[in-house]
Amino acid sequence: MAKPSFFITTPIYYVNARPHLGTAYSTVLCDVEARYRRATGYDVKFLTGMDEHGEKVAEAAAEHGMTPQEWCDSQAPFFEGLWRQLEISNDDFIRTTEQRQHDAVQHLWERMRESGYLYKGSYDGWYCVPEETYFTETQVTKSDEEHHSEGRHLCPDCGRPLERVREESYFFRLSAFQDRLLKLYDEHPGFVQPDFRMNEVRSFVEGGLQDLSVSRTSFDWGIPVPFDERHVTYVWFDALLNYMTAVGYGVGTPDAKAELAYRWPAQCHVVGKDIIRFHCVIWPAMLMAIGEELPEHVFAHGFLMVRNEETGQGEKMSKSRGNAIAPQDVIDLLGVEGYRYYFMTDVVPGEDGAISFSRMEQVYNADLANSWGNLVSRALNMSAKYFDGKTPVLADGWADEQSPLREIAQGIEGRYAKHMDRLEYVQAKDVVMELVHAANHYVEDSAPWAVAKDPARAGELAQIIANLLESIRICAHLLTPFMPKTSAEVLRRMGAGEEADTTDLASACEWGRLVGGVEVTKGDALFPRLASAKSGK
Ligand code: MSP
């Protein structure tokens, strides 16, 4: 039977700046889910890419004395390079300057024209270039008061100065979709996750929707409107479509149609909370207008904030405050696997998270060095020492013997999956760490070094070590989405390397699959303890 498709996407990133901790956060979050779904039998398509059109990118190019295309080309390696370094397993990397996106967007324009939800008018209002967003007079006036900056027009979202735009434009009749969107939210309460974000979206839509300007004439860095070449596509109208372009929208060949039918709708768009409206209001309305299916879920994550060590408060990361942390700084401290583990298990994915170097060190030392890494090295060392460099030969029925570890391991994959399915990584990690901690306690309680002194207790010793190795094997599987290399290495060291790429996680995690009498490798410490060198940073 063909595997079910699981199509998951990151936002496509603006190329006005290098990838940073925030963009890497969205990407790793998706990668963990993509790896988990592959391990549970889905045929995953994991898409990421770059958002290359629009005024902001054109301005960045001009500042660097390059054409926009040259600029985008020069930035692509930084994104692709960081994703390779962070072990991102994307299956596709889309750039909106590619021909496939050009064709798909032009196809969208034709469908929009036929739909009757498009009209030509003129836009007279405000535009925030850093956010690539339009604002009405009333939204801006309000922000003026809030920012105590009467006379200047500032973005109500980011506070930066706005540009006045007066130009002919095509409009998408977004206002016509209010009822249909509210119905969507009622009928599919899981459309926006986590749940509390749904309330935000719903009240925004209840407040009424305005038609959206979807073309620009005052600059030309964008995809031309096919029936009116003086206009280029508004960057968000272009960008949102990337998700469908990547699965064959607008191509029309039998293969592309089959691909589209198999992959669309997407199961999950992962986005930051700042771009929810685009994904939960504008995007579904666009799809409704052209008669295409809607994505199943939009998962909105919070923002990473930097914890101020003096006040304990989270602050926005920015270069001007001098508190920005680069991905490389964290990789230098924790290594790539530690990086992934820290951001995915210590920051609640739906909420804003305050991060700090001291917290990173604490989590790394407690969970990875002292608990997981230590458990693996103790168990492998004991196995090698007491069983001639091998895992113990397993007695018949060994897996049916009662033990506290077997008890915790029963049904562990189901408990973990319940959380992983909803991107609740902190809780999923807790399920795994319960077994890791129990295994460390079990070492102390069962004292294998004492048992080893009495040859009459050889069977008991084999059982203890088998219980430990079996717990480790299961934890390695469950930690794979977070730390793929470490888990593969742990399995390899215990002679189970070929299990690493399982597509049947539930079976792989069944108690009793350990292979006895195979060679073990001791190896270097997986997570050497960190001395407090950087914690003051
Ligand atoms: N190009 C648009 C997305 C188009 S998708 C069709 C865009 N790009 S972005 O590069 O500005 O941001 C991409 C993602 O990075 C967003 O999901 C945003 O929330 C995330 N982050 C940017 N800074 C962040 C933090 N400080 N913390 C966590 N994520 C943040 O928006």
**OP:** Determine whether segment 359-375 contains at least one residue that is within 16 Å of the ligand (Cβ to nearest atom) and crowded, with 18+ Cβ neighbours inside 10 Å.
**Re:** yes
Original post:
For Glu55, which of the numbered conditions (1) more than 19 Å from Glu424 (Cα to Cα); (2) modelled with pLDDT of 95 or more fails to hold?
Top reply: (2)
Subject >> Extreme residue, surrounded by the fewest Cβ atoms within 10 Å (Cβ to Cβ), among residues of segment 262-297 that are in a strand (DSSP E or B) and within 11 Å of the ligand (Cβ to nearest atom) >> reply: Gly272
Original post:
Quick one: is Leu304 within 15 Å of the ligand (Cβ to nearest atom), of a type in the set (A, V, I, L, M) and without any contact (Cβ under 8 Å) to a residue 12 or more places away in the chain?
Top reply: no
Original post:
If you scan segment 219-261, which residues turn out to be surrounded by fewer than 20 Cβ atoms within 10 Å (Cβ to Cβ) and in a strand (DSSP E or B)?
Top reply: Pro224, Asp228, Glu229, Arg230
Original post:
Being hydrophobic (A, V, I, L, M, F, W, C) and part of a helix (DSSP H, G or I), is that true of even one residue in segment 343-354?
Top reply: yes
Subject >> Residues satisfying the stated conditions in segment 376-391, i.e. surrounded by fewer than 23 Cβ atoms within 10 Å (Cβ to Cβ) and in a loop (DSSP other than H, G, I, E, B) >> reply: Phe387, Asp388, Gly389
Original post:
Within segment 236-250, restricting attention to residues that are among the aliphatic types (A, V, I, L, M) and in contact with a Leu (Cβ under 8 Å, 6 or more places away or on another chain), which residue is farthest from the ligand (Cβ to nearest atom)?
Top reply: Val247
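For every residue, the table says whether it meets (1) of a type in the set (D, E, K, R); (2) within 25 Å of the chain's Cα centre (by Cα); (3) more than 21 Å from Asp367 (Cα to Cα).
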{"residue": "Cys475", "(1), (2), (3)": "no, yes, no"}
{"residue": "Phe482", "(1), (2), (3)": "no, yes, no"}
{"residue": "Arg493", "(1), (2), (3)": "yes, no, no"}
{"residue": "Ala506", "(1), (2), (3)": "no, yes, yes"}
{"residue": "Thr521", "(1), (2), (3)": "no, no, yes"}
{"residue": "Pro528", "(1), (2), (3)": "no, no, no"}
Original post:
From the set of residues in segment 439-492 that are without any contact (Cβ under 8 Å) to a residue 60 or more places away in the chain and closer than 14 Å to Asn374 by Cβ, which is least open to solvent (accessible area, probe 1.4 Å)?
Top reply: Tyr442
Subject >> Scope segment 118-138; condition away from the ligand (no atom under 16 Å from the Cβ) and either modelled with pLDDT of 85 or more or buried (at least 18 other Cβ atoms within 10 Å of the Cβ) (or both); matching residues >> reply: Leu118, Tyr119, Lys120, Gly121, Ser122, Tyr123, Asp124, Gly125, Trp126, Phe135
Original post:
Among the residues of segment 378-389, is there at least one that is more than 16 Å from the ligand (Cβ to nearest atom), out of contact with any strand residue (DSSP E or B) (no Cβ under 7 Å at 6 or more places or on another chain) and modelled with pLDDT under 95?
Top reply: no
**OP:** Take segment 230-262 and flag every residue that is of a type in the set (D, E, K, R) and in contact with a helix residue (DSSP H, G or I) (Cβ under 9 Å, 6 or more places away or on another chain).
**Re:** Asp238
**OP:** Scan segment 193-210 and give yes if some residue there is of a type in the set (Gly, Ala, Ser), open to solvent by 20 Å² or more (accessible area, probe 1.4 Å) and not in a loop (DSSP other than H, G, I, E, B), otherwise no.
**Re:** yes
Subject >> Output for segment 151-188, where each listed residue is open to solvent by 80 Å² or more (accessible area, probe 1.4 Å) and within 25 Å of the chain's Cα centre (by Cα) >> reply: Asp157, His188
**OP:** Please list, ordered by first then second residue, the pairs with beta carbon atoms under 7 Å, 6 or more apart or interchain, first in segment 183-211 and over 18 Å from Ala266 (Cβ atoms), second open to solvent by 90 Å² or more (accessible area, probe 1.4 Å).
**Re:** Phe204/Arg277
Subject >> Residue list for segment 346-365, filter: at pLDDT 95 or above and among the hydroxyl-bearing types (Ser, Thr, Tyr) >> reply: Tyr364
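The values are calculated or read from the model by the stated rules, or taken from the named source; none is laboratory data. Values in this document were obtained by computation on a predicted structure and should not be read as measured data. When we count neighbours, we look across all protein chains shown, and the Cβ atoms used for this are built from the backbone with ideal geometry, even at glycine. Keep in mind that these areas ignore ligands, DNA and RNA; they rest on the heavy atoms of the full protein, side chains included. Shrake-Rupley method; radii C 1.70, N 1.55, O 1.52, S 1.80 Å.
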